[in-house]
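Trainee: One structure coming up, written as structure tokens, with questions to follow.
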């Protein structure tokens, strides 16, 4: 009888062993990473400038939860994180699927005048200029999927992704 109790106790200890917990936090689906820190993005905005220079121009803003667009004042408000890039398409109807490379030109499938902002408002925070990289964009109906890798003026790298709709400004 004593052997049965010992066998049952040993089996219980083995089968009740605590599962190893993954203590590493998961990366949000919509995010960018800069200097080892991950920043959440939850909204996207797009403004059409139709034809600027030679090709249709679209300004894209990907922003964190605390940043909002105020249409009556035509400005953003709140403190948070964001990405901004000026993209050039082949059609005034909108951005199209493809790889957009950083360039000083306004050619189709390029982007320029681009920034990363961390803990920013209109008056303060950290703004860093993007000086290289690419954006892979997939457009499916009203959904936009951005995957990006940038080199910044401070020689840091930003990587990340955003998938969702873009509100027109």
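Trainee: As an exercise, use a Förster radius of 22 Å and the Cβ-Cβ distance of residue 169 and residue 124 to find the FRET efficiency, rounded to the nearest 0.05. Let's see the in-between values first.
Mentor: Numbers: r = 23 Å, r/R0 = 1.03.
Efficiency, from the Cβ-Cβ distance: 0.45.
Trainee: Could you work out the relative contact order of the stretch 75-169? I mean the mean sequence separation of Cα pairs under 8 Å and 6+ apart, divided by the number of residues, in percent. Before the final figure, lay out each step's value.
Mentor: Details: 203 pairs, mean separation 20.8, N = 95.
Relative contact order comes out at 22 percent.
Trainee: What FRET efficiency comes out for residue 47 versus residue 151 if R0 is 30 angstrom and r is the Cβ-Cβ distance? Round to the nearest 0.05.
Mentor: Details: r = 25 Å, r/R0 = 0.83.
Working from the Cβ atoms, E equals 0.75.
Trainee: Moving on to the next point. Quick one: of the DSSP bridges fully inside the stretch 30-168, what percent are antiparallel, nearest 5? Can you show the working numbers first?
Mentor: Details: 60 of 64 bridges.
Roughly 95 percent of the DSSP beta bridges within the stretch 30-168 come out antiparallel.
Trainee: So if the hydrodynamic radius of the stretch 30-168 is defined as the Kirkwood radius over C-alpha pairs, what does Stokes-Einstein give as its diffusion coefficient at 4 °C and 1.567 mPa s, in µm² per second?
Mentor: Working: Rh = 15.0 Å.
My calculation gives 87 µm²/s for D.
Trainee: How do 140, 105 rank when sorted from fewest to most other Cβ atoms within 10 Å of their own Cβ?
Mentor: On the way: 140 9, 105 12.
Ordered by Cβ neighbours within 10 Å, fewest first: 140, 105.
Where a number appears in this text, it was derived from the coordinates with a stated rule and is not lab data. Computed from a prediction, not measured in an experiment: that's the story for all the values here. So basically every Cβ, Gly included, is an ideal-geometry build from the backbone, and we count neighbours across all protein chains shown.
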